[in-house]
Every structure is written in C-alpha cells, then in structure tokens.
Amino acid sequence: MKNSVAKPRPLPSISLKNVGGLSDEMKEEIQQTLTILKDTKRAQKLGIKPPKGILLYGPPGTGKTLLAQAIANELNASFFSTSGAAFNELFVGVGASRVRSLFQAARKHNPAVIFIDEVDALAGKRKLHGGEESEKTLTELLVQLDGGHSNDGILFIAATNRKDMLDEAFLRPGRIDFTFHVPLPDTKGRREIIDIHTKGKSLSTEVLSSLDDLAESTSGFSGAELHSLFETASRRAIHNGHDQIEKQDLDYALDRTILGSTSRSLNDP
Ligand code: ATP
C-alpha cells in the first residue's frame, strides 16, 4: 500500500444503475442508508444515528467493489480503497500505522468512503488469525472505527468472500451497522447484468434475440464472468473482422469463459 492507500482513488462514473442483479429489498435498504447519510440533520432530529460501517459479503466477482464505488459516488465522497492483505506486515507496528494513516487521510478528505476488500485478511477471527502483529493491526482498526465524531462523514465499507472468518468484535453494531449479502445473480439478475454490459456494443439481431436464453443458460456465472464474456466476444468480433458481435463470436466467448471457470475450479484447493 505502501503509501498509495492513504490517497483517494479516482472513481469511475459508476452509479447504482450500473450494478445489476440486486434484489428489490437490497436496493431499498441501500437507498434508505444513503438517504440517512445524505440528510444527517433530519436523521439527527429523528434520533437516527448515521451508519458508520457496511459489510458486503458474497462470492468473488458479484459486484461488491462496484457497489462500494457506486455508494461513494452517490455520496459525492472521496474513495479510499485497499485490500485487507495490504496491512499484513511482519515489521512491528507497520500494519497498525497503515490503518491509522488510512483513517487520518480519509478524515482530511471528508466526506469519504474507506473501502477494504478481502477484509478477512485484516479482521479475521483472532484465534484463527494468529500472530501478535495481526492482532495489533486488528485492534488498531477497531480503535479507528470507534473514532466517534472524528468519523462523522466517513463511511467504512468492507467486503469479503468469507464472512464466517470475521472477528465478532469487528462485526459489532457501531462498527458494522449493515450487512448485505451480494450473491451470484439469478436469471433475472443475469439478464440485467447482460443489459449493462451490452450497452453501447453493436450486436447482431440473432445475438440480440438470444439474450434471454443466454441469461437462462449462464447459471452460476458471476457479474464479472458476464462482463468478461462480452469483452471476449467483442475482441473476437474484431479479430473476425465483424462490425458487430455475431453469434459465432459469442459462442466462442462462452466456450472460453466456461473453460476459464472450469480450470479455475479444478485448481481450487
Ligand atoms: P471480489 O470478491 O473478487 O473482489 P467483487 O464482488 O468485488 O469481486 P467486482 O470487482 O465489483 O466484484 O466486479 C468485477 C467486475 O465485474 C465489475 O467491474 C463489473 O464490470 C462486473 N460485475 C460484477 N458484478 C456485477 C454486477 N452485479 N453488475 C454489473 N457488473 C458486475
């Protein structure tokens, strides 16, 4: 992370509309959370404390990072993004000091969103996590999350594929106020994601009319895989000298994506 974690990242122009496959219930809860964060005065009058921390959990490639970026954009907030692994240091005190620098930098850029992906590497259960250094780093994270008014205007968003690995102290309300499950998309979700990733791409009539079937037949695909499917299809179309994605380009991309995920799952421990 070295020092780059303590600097805001430029945000792509992502809004909640760019995140497909969210259930209506989740969309509503996110919108409610955003309204409270935007209208803190009204929230205060109604005795509602703005949420400080959100946990997003679910399989890889389902849009957790995308969602964090969309939330930061909705809040017009600076975006500090890093991975939990960036805090794992053998040298005494370095992990803890990185946590401190991150929060200090975010406070200077208020309003800010701090996003930590793979947070299990930083906030894993203490008895499983092991190591005095990791424990000190986690303790520092808890101290920073408990920063009281100095954290006004700071929203902490953590993401993980392993919620079961997280330390209970980290998950306590006041630190993590909302937990959202971001699952693999169902057929309707995949159809939405296909729409998002085909927007602005030229598709043949045959491909266009096959998108509903594609959504049906891609069970188990993540949003990231659907994204990569259409990127591969576009590249294949260029390679084949096509002006639009033809059925054969999409079929090629489908084979490649299925092959990619099969070889990944075969190599999984
Ligand atoms: P990981 O757990 O591996 O960090 P993630 O859940 O954070 O993954 P993202 O990094 O947000 O997944 O997704 C990678 C890319 O896949 C996104 O930039 C986007 O192009 C596409 N994508 C993933 N999920 C969705 C989704 N729900 N809607 C639209 N696009 C998606």
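Below, the figures for the structure above:
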{"quantity": "When the convex hull of its Cα atoms is projected in every direction, mean area for the range 15-169 (nm²)", "calculated": "9.3 nm²"}
{"quantity": "Value in Å of the Kirkwood radius, where the range 153-243 supplies the Cα pairs that are averaged", "calculated": "16.0 Å"}
{"quantity": "Of GLY174, ASN240, PRO60, farthest towards positive along the dipole that unit charges on Lys, Arg, Asp, Glu beta carbons give the chain", "calculated": "GLY174"}
{"quantity": "Value of relative contact order over the range 66-152, rounded to a whole percent, pairs C-alpha under 8 Å and six or more apart", "calculated": "36 percent"}
{"quantity": "Electrostatic dipole magnitude of the chain [Cβ: Lys, Arg +1; Asp, Glu -1; Cα centre; debye, to 20]", "calculated": "1220 debye"}
{"quantity": "Computed E for ARG9/PHE178 - FRET, C-beta separation, R0 25 angstrom, nearest 0.05", "calculated": "0.65"}
{"quantity": "Accessible surface of ASP213 - all protein chains present, 1.4 Å probe, nearest 10 Å²", "calculated": "100 Å²"}
{"quantity": "The range 1-59 versus the range 91-145: alpha-carbon centroid distance in Å", "calculated": "20 Å"}
{"quantity": "Contour minus Cα-Cα distance for ASP186 and ASP213 (0.36 nm per residue)", "calculated": "8.4 nm"}
{"quantity": "Prolate/oblate/rounded label for the range 146-189 (Cα gyration tensor, a/c 1.5)", "calculated": "oblate"}
{"quantity": "Cα shape, the chain, gyration tensor, a/c 1.5 rule", "calculated": "prolate"}
{"quantity": "Residue-averaged [θ]222 nm for the chain, counting only DSSP H segments that reach four residues, each worth -39500 (n - 2.57)", "calculated": "-15000 deg cm²/dmol"}
{"quantity": "Packing-based order for 247-256, 136-145, using average beta carbon neighbours within 10 Å, highest first", "calculated": "136-145, 247-256"}
{"quantity": "For the chain, with +1 on Lys and Arg beta carbons and -1 on Asp and Glu, the positive-most of LEU203, GLY260, LEU141 along the dipole", "calculated": "LEU141"}
{"quantity": "Charged-residue dipole, Cβ positions (Lys, Arg, Asp, Glu), the range 124-230 about Cα centre, Debye nearest 20", "calculated": "80 debye"}
{"quantity": "Solvent-accessible heavy-atom area per residue, rounded to whole Å², over the chain at 1.4 Å", "calculated": "53 Å²"}
{"quantity": "Residues with amide H under 5 Å from that of PHE156, placed H, sequence gap 5 or more", "calculated": "GLY53, ILE54, ILE114"}
{"quantity": "Pairwise FRET efficiency - ASP255 versus ASP24, Cβ, R0 = 30 Å, nearest 0.05", "calculated": "0.30"}
{"quantity": "Rough spin-label spacing in nm, given labels placed 7 Å along Cα→Cβ, for PHE91 and GLN32", "calculated": "4.6 nm"}
{"quantity": "Three-way shape label, the range 98-198, alpha-carbon gyration tensor, a/c 1.5", "calculated": "oblate"}
{"quantity": "Computed FRET value (nearest 0.05) for GLN244 with ASN161, which takes r as the C-beta separation and R₀ as 35 Å", "calculated": "0.45"}
{"quantity": "Spatially near lysine pairs across the range 5-92, Cα under 27 Å, sequence gap of 8 or more or different chains", "calculated": "23"}
{"quantity": "Set of lysines near LYS136 by C-alpha distance (under 21 Å), chain-local residues within fewer than 8 positions excluded", "calculated": "LYS2, LYS125, LYS127, LYS163"}
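The values are calculated or read from the model by the stated rules, or taken from the named source; none is laboratory data. Predicted model only: the values in this text are computed from it and were never measured. FYI the Cβ positions are ideal-geometry reconstructions off the backbone, even for glycines, and counts take in every protein chain you see. Note: areas computed on protein heavy atoms with side chains; ligands, DNA, RNA excluded. Shrake-Rupley method; radii C 1.70, N 1.55, O 1.52, S 1.80 Å.
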